[in-house]
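In what follows, a single structure is set out as structure tokens and then discussed.
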Amino acid sequence: MSNYHIKHLEEYFQVYRKSVRNPEAFWEEIAEEHFVWRKRWNKVLKWDFSKPEIKWFNGAQLNITENCLDRHLHIRGDKTAILFEPNDPKEEAQHITYRQLHQRVCKMANVLKDEGVKKGDRVCIYLPMIPELAVSVLACARIGAIHSVVFAGFSSTALATRINDCDASMVITSDGSFRGNKTIDLKGIVDEALNHCQGIKTVLVVKRTGGKVDMKKGRDHWLQPLLDKAYADYTAEIMEAEDPLFILYTSGSTGKPKGMMHTTAGYMVYTAYTFKNVFQYREDDVYWCTADIGWITGHSYIVYGPLANGATTVMFEGVPSYPDFGRFWEVVEKHKVTQFYTAPTAIRALAKENLDFVTKHDLSSLKVLGTVGEPINEEAWHWYNDHVGEKKCPIVDTWWQTETGGILISPIPFSTPTKPTYATLPLPGVQPALMDENGNEITGNQVDGRLCIKFPWPAIARTIWGDHKRYKDTYFSAFKNMYFTGDGALRDEVGYYRITGRVDDVIIVSGHNLGTAPIEDAINEHPAVAESAIVGFPHDIKGNALYGYIILKETGESRDRENLKKEINQVITEHIGPIAKLDKIQFVPGLPKTRSGKIMRRILRKIASKDTSNLGDTSTLLNPEVVQEIMDGAL
Ligand code: 6R9
């Protein structure tokens, strides 16, 4: 029996039991059989959640790009590695073979090296979904530099914060990006950000839109002329198993974004293994994940997981609504996509449109459908199943996080019977636990609690860049000897998990994690604002939208409310990005606070979602009278 490719339910249970009985032997066998190493590990796993310290395959040496590129050259060098589908359907798709990708990555690695980037340096990548994004990521890994990809929808302030936090020395960007019928001036955003970053020595600029840009002498260089001169081979840097591979920022409930740091060997083994199983990947498949590489889903399941398996991975530059709402299905038909992986928010948006957009396309190539990012509601699940999968494609509802590096709970297609809204069962090697508020594990089925993981899996983030204490406090302090996910979950009568949503102050809007604190901080920058509180409320398409309760300063009281709302959203756009704009803004005389000064968001959430029949215990409030006033003015 092969651990590596599970094919039926009984096999899943066997493999799962084995993985829990002896996790080290389980992962060792996979690491041995399916990857190339420069040196073997001394110890498969060393861990201590109380520090926390986690080391997988310690002592091993490797380069992840040899596993994603070099080893495929002699068996599938002419196979398409990246299939690039541009924003404009009239622009031709590009089929980049493994051999070509290897050359492009090597050239880019030489450029980075020539520009002074060394092993361990941080390189910030702020690019649209074009092949250079994947090439830059892999080139960093080739030379041992740590990539920090920042989603190219973030504002200059958000970009600057991320550049400074990890002290990056280089930014790779483009003149601009195409998104639907819009063109965005990315280089302008970078220039603005760099007014606040001292550490950046070099900016490499990809030409994509041909828009006008300012090039700062000595700092900014067009990339193409440098690539043209670069040598097309580069001996991969030998990395230790636990050397950092990348930093990726995710929002916390408080304070600045957390730079989750992932390391090399465990991340590689885990993303490759889960990709193969969760998508039941086969050699001739054409796999498409619609995420952006600016998020963890893109890192693990557009770049590393698929390429480590020698797969063809589609990179899509555009948006689902351009040139019309049939674009996803047009691309599936055109490239005969076999696995399609997207977010519930996209499904809900498309389900609202005319069904003709779907039915006019031939979707018969599809075998497996996936979702990620937030709970999928039943209606969206059925629409996806009935109209996209035509009831013959299992839907893998994959639950995981930036912190987990790879999928932890998900059905395995053709093995695990699916159930709408359930992520179902833990993958091999994953040991979930539900905890009550007193810190005790809740055993048995038909229970709910806070979702924790008891045992390390290879792709768990090792720290928060520059702040190990925060890593410990956030994930390993709520429950002793457990990784706390921040999510609530229930376990049904057969042991299937359903993720019910965040139990902290993170709100997921259109699949993007937004912390309430940074948004409130941004709003409070507005001169007329005294204080604010943000909560999520259910939204048909976005899953959740943002509702802001805002207390104005006296000076703001006389101002035009509609103008103020616009200005507040403008401030948010500047500080964080348009994804964090508020759908509703209510000006309030006060906020419900506990005696210790904590805003009782539970009450605000209920008011925002128009569910005020039972507000629960308000006796601990300092100012209970304000609740009625807020309810009277609710939107
Ligand atoms: C991969 C990714 C993580 C948070 C996570 C949870 C939510 C993700 C989910 C899901 C229900 C799923 N989440 N997948 N909730 N069902 N299948 O999205 O990472 O951006 O860090 O978000 O997203 O709340 O804690 P990230």
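The values are calculated or read from the model by the stated rules, or taken from the named source; none is laboratory data. This one's a predicted model, so the numbers in the text were calculated from it and none came from an experiment. No Cβ is skipped: glycine too gets one built from the backbone with ideal geometry, and neighbour counts run over all protein chains shown. Areas reflect the complete protein model, heavy atoms only, side chains present, ligands, DNA and RNA absent. Shrake-Rupley method; radii C 1.70, N 1.55, O 1.52, S 1.80 Å.
Each label was represented as a point 7 Å from its Cα along the Cα-to-Cβ direction; for K7 and T573 these points are 5.5 nm apart. Relative protection proxy for 213-226, 445-458, from highest mean packing down: 445-458, 213-226 (other beta-carbon atoms within 10 angstrom). Label zone (K207, point 7 Å along Cα-to-C-beta; backbone nitrogen cut-off 17 Å) within the range 104-141: 131-132. Extension gain, K391 to V36: 0.36 nm times the residue separation minus the Cα-Cα distance gives 123.9 nm. For the range 82-219, the carbon plus sulfur part of the accessible surface works out to 45%, probe radius 1.4 Å. Counting only Cβ charges, +1 for Lys and Arg and -1 for Asp and Glu, the dipole size of the chain around its Cα centre is about 1080 debye. When you count the other C-beta atoms within 10 angstrom of each residue and take the mean per peptide, 581-587, 127-133 line up highest first as 127-133, 581-587.
The trypsin sites (Lys or Arg not before Pro) of the range 245-295 meeting both criteria, a DSSP state outside H, G, I, E and B (loop) and at most 15 other C-beta atoms within 10 angstrom of the site's C-beta, are R282. Taking amide hydrogens as placed 1.01 Å from N in the peptide plane, the amide H of I508 sits under 5 Å from those of L514, each at least 5 positions away in sequence or on another chain.
In this structure, A232 and T183 have a Cβ-Cβ separation that, at R0 = 30 Å, corresponds to a calculated FRET efficiency of about 0.40. Modelled label positions at K43 and W222, each set 7 Å beyond Cα in the direction of Cβ, lie 5.3 nm from each other.
Accessible surface for the range 429-527, divided over its residues, is 40 Å² per residue with a 1.4 Å probe.
The residue list L9, N63, Y98 was ranked by how far each Cα lies along the charge dipole of the range 4-137 toward its positive end, using unit charges on Cβ atoms, and N63 comes out on top.
Legend: distances between Cα atoms for K187/K229; K542/K581; K90/K229; pairs beyond 19 Å are K187/K229; K90/K229. Label-to-label distance for N481 and H95 is 5.5 nm, based on points extended 7 Å past Cα in the beta-carbon direction. Highest-first packing order for the peptide set 85-92, 399-406 is 399-406, 85-92, based on the mean count of other beta carbon atoms within 10 Å. For the range 83-88, the Karplus equation 6.51 cos²θ - 1.76 cosθ + 1.60, evaluated at θ = phi - 60°, returns couplings of 10, 8, 10, x, 4, 8 Hz by residue, with Gly and Pro reported as x. Here the accessible area of the range 510-633 is 49 percent carbon and sulfur, with a 1.4 angstrom probe and all protein chains present.
With θ taken as phi - 60° and the Karplus curve 6.51 cos²θ - 1.76 cosθ + 1.60 applied, the whole-hertz 3J(HN,Hα) list for the range 128-138 is x, 7, 10, x, 4, 5, 5, 4, 5, 4, 5 Hz, x standing for glycine and proline.
Please check which bits of the range 118-154 a label hung off R71 would reach, taking the label as a point 7 Å along Cα-to-C-beta and the cut-off as backbone N under 16 Å. Those under the cut-off are 142.
Computed with every protein chain present, the accessible area of H8 is close to 90 Å² [probe 1.4 Å].
When a/c is below 1.5 the answer is rounded, else prolate if a/b is larger than b/c, else oblate, so apply that to the chain with a ≥ b ≥ c taken from the square roots of the Cα gyration tensor eigenvalues. It is rounded, given that a/c, with a ≥ b ≥ c, falls under 1.5. Here's how it looks for G501: its modeled amide H is under 5 Å from those of G488, which are all 5 or more places away or on a different chain. Available extension along the chain between E493 and D521 is 5.8 nm, counting 0.36 nm per residue and deducting the alpha carbon span. Close amide H partners of V286, meaning residues 5 or more places away or on another chain with modelled amide H under 5 Å apart, are T338, Q339. For the range 566-582, 3J(HN,Hα) computed residue by residue from phi via the Karplus equation (6.51, -1.76, 1.60; θ = phi - 60°) reads 4, 5, 5, 5, 5, 4, 5, 4, 5, 7, 10, x, x, 5, 9, 5, 7 Hz, glycine and proline entered as x. Rolling a 1.4 Å probe across the protein heavy atoms gives the range 102-177 an accessible surface of 20 Å² per residue.
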